[in-house]
Amino acid sequence: MTRRWLLLLPVALLAKGKKYQHPSGFSFELPGGWTAEMGAVAAALIPPGGKLDPNREDNPEVYTIWPAEAGSDEDLVAATRQSLERSGAKPEGGGVNQPFKAPGRAGTSHTMDFQHPERKVAYRIRIFSLHVKGRRIALLATGHRDKLVAREKDLQEIARSMDYAK
C-alpha cells in the first residue's frame, strides 16, 4: 500500500492546470475549476463558484491578467492606489512591493486593503507583476478580502505560470 502511494505522489505534485494562450502573446495556467474569458487586451479569470458581472461595480471578486508594458512595478501600484483614492477608498498602510519569483523570472507582489466606500465591506487588491522575456505581465485580483485570502495559493500558482510565447 505504501509503495503505491509513493508512486502516485509525484504524479499528483506534477499535475498542472489548464493552459491558456491570449491572442496578444501571453499565456498562463489555471488551477482546476478556474476558467478564462479572453478580451482584446486582457483575460478575465473566473474561479470555481465565481461569477463576473460586467455591469456591477462591486463584484465580490475579479481577476485579470494583462500585459503591463508601460512604467515600472511602482508605477502600476501608484496608479492603482490613485484610482482607489479617486473612488473614495482609503488604502490601509503604505504598502511595499514584495519580491515575487517564478522559475527563471522575477517580479513583485503588492497588497492593498481598504473598506469599500459605499458597501463598507473589507476589500483587498493583490497585484502580481512578473518580468518575462524582457516584458512584464500582471495579475490583478480585487474583491472581498476574505475571498482573496482564501484564493491566495491559487493566485500565486497562476502568477508563477504567466509567460510570453516569444
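None of the figures in this text is laboratory data; all of them are computed from the coordinates on show. Being a predicted model, the structure only gives us computed values, none of them experimental.
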If you build a Gaussian network model of the chain, linking Cα atoms that sit under 10 Å apart, which residue out of Val121, Val132, Val62 swings the most? Val121
Solvent-free Debye scattering, log10 I(q)/I(0), computed from the Cα coordinates of the chain at q = 0.13 Å⁻¹: -0.65
Among all helices in the chain defined by DSSP H, which have a length of 15 Å or more along the axis from Cα atoms plus a Kyte-Doolittle mean of at least -1.0? 2-14, 73-86
For the cross-link pairs Lys19/Lys153; Lys18/Lys120; Lys19/Lys90, which exceed 26 Å when the distance is taken from alpha carbon to alpha carbon? Lys18/Lys120; Lys19/Lys90
Give the relative contact order (percent, whole number) for the range 36-166; include only Cα pairs under 8 Å separated by 6+ residues. 22 percent
Convert 37 °C to kelvin, take the viscosity as 0.692 mPa s, use the Kirkwood radius over C-alpha pairs of the range 42-102 as Rh, and evaluate the Stokes-Einstein diffusion coefficient in µm²/s, rounded to a whole number. 233 µm²/s
